[in-house]
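One structure below.
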Amino acid sequence: MDSLIKVENVCFKYANKLVLEEISLNIEIGEFVGIVGKNGSGKSTLLKLILGQLKPICGDIVVKRSTNTGYVEQVTLNSDISFPATVYEIVMLGLYKQIGFFKLFNVKYAQKVHEALKMVGLEGFEKKQLYFLSGGEQQRVMIAKALVSNPELLILDEPTTGIDVGSEQEFMKLLHKLNKTYKKTIIMVTHNMSILKDCDKIYELDNQNIKEIKNV
């Protein structure tokens, strides 16, 4: 496999607090990689460094040129939240860089939304209100929003937060389908190592360091 992301001897700190100290990892094209660690171990910080939202104070992060990335940030979803938006409108937001916020949505973009929803098993949900959906369905909508721009790389920060065990298992099946069938490279941060049993690699963050651990 070809390398997609190389993290080499990266350090990062907030103010005077060291979060990551000379960490290194390699993610290859087509891999499903899990990153685990306790709260505050630097998992979300590492993702933001890979995304370019933060800059390391030492070391290098090299992402293969022209890699299109979809990012699903950590959100606690609640089906009781009265957010007046349809599934279609939420997923369409994933295309705003291509079409802008105030341009008319044409048939081509509508088809992209339909295809993204089909990939996550929510075809026919376009007109449903987000707050009527279950936690697992809401999270699939967020995945579709990330997929609608057809990224090669999908990065997810604690995506199973707030969904029940049954929905969690179905959600992991979906991610493995996206990885194997649709050839998406996936990086997933979680505190729950048990759901990573079928990943290609698992990295653990602890005490500012990272190590690759054996699959569970």
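The values are calculated or read from the model by the stated rules, or taken from the named source; none is laboratory data. The shown structure was predicted, so the numbers you read here are calculated from the model rather than taken from an experiment. With ideal geometry, Cβ positions are generated from the backbone for all residues, glycine too; neighbour counts draw on all protein chains shown. Protein only, heavy atoms only, side chains kept; ligands, DNA and RNA dropped before computing areas. Shrake-Rupley method; radii C 1.70, N 1.55, O 1.52, S 1.80 Å.
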| field | Conditions (1) modelled with pLDDT under 95; (2) in a strand (DSSP E or B): number failed by L25 | value | (1)
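Answer with yes or no whether G59 is on the phi > 0 side of the Ramachandran plot and modelled with pLDDT under 90.
no
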| field | Selection within segment 11-61 - crowded, with 18+ Cβ neighbours inside 10 Å, touching a residue at least 60 places away in the same chain (Cβ under 8 Å) and either aliphatic (A, V, I, L, M) or farther than 25 Å from I195 by Cα (or both) | value | V19, L20, I23, L25, I27, V33, I35, V36, L46, L47, I50
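Which count do you get for residues in segment 198-216 that are in a strand (DSSP E or B) and open to solvent by 90 Å² or more (accessible area, probe 1.4 Å)?
First, the residues of segment 198-216 that are in a strand (DSSP E or B): 201-206, 209-213.
Checking which are open to solvent by 90 Å² or more (accessible area, probe 1.4 Å) leaves us with 211-212.
Of the residues in that region, 2 qualify.
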| task | Would you mention how many residues in segment 179-216 are within 18 Å of L117 (Cα to Cα) and out of contact with any Phe, Trp or Tyr (no Cβ under 9 Å at 6 or more places or on another chain)? | result | 3
| note | If you go through K112, K97, K108, K127, the only one that is in a helix (DSSP H, G or I), at pLDDT 90 or above and at negative phi is K112
| request: Confirm whether I143 is touching a strand residue (DSSP E or B) at 6+ places or on another chain (Cβ under 7 Å) and either buried (at least 17 other Cβ atoms within 10 Å of the Cβ) or over 17 Å from F32 (Cα atoms) (or both). | output: yes
| query | Do you know which residues across segment 180-197 are under 20 Å from L147 (Cβ atoms), of a type outside the set (V, I, T) and open to solvent by 40 Å² or more (accessible area, probe 1.4 Å)? | reply | K180, Y182, K183
| Out of all the residues in segment 1-22, which are modelled with pLDDT of 95 or more and under 22 Å from K64 (Cα atoms)? | L4, I5, K6, V7, E8, N9, V10, C11, F12, E22
| query | List, please: which pairs have Cβ atoms under 8 Å, are six or more places apart or on different chains, and start with a residue in segment 62-77 that is on the phi < 0 side of the Ramachandran plot and at pLDDT 90 or above and end with one that is part of a loop (DSSP other than H, G, I, E, B) and among the β-branched types (V, I, T)? | reply | K64/I29
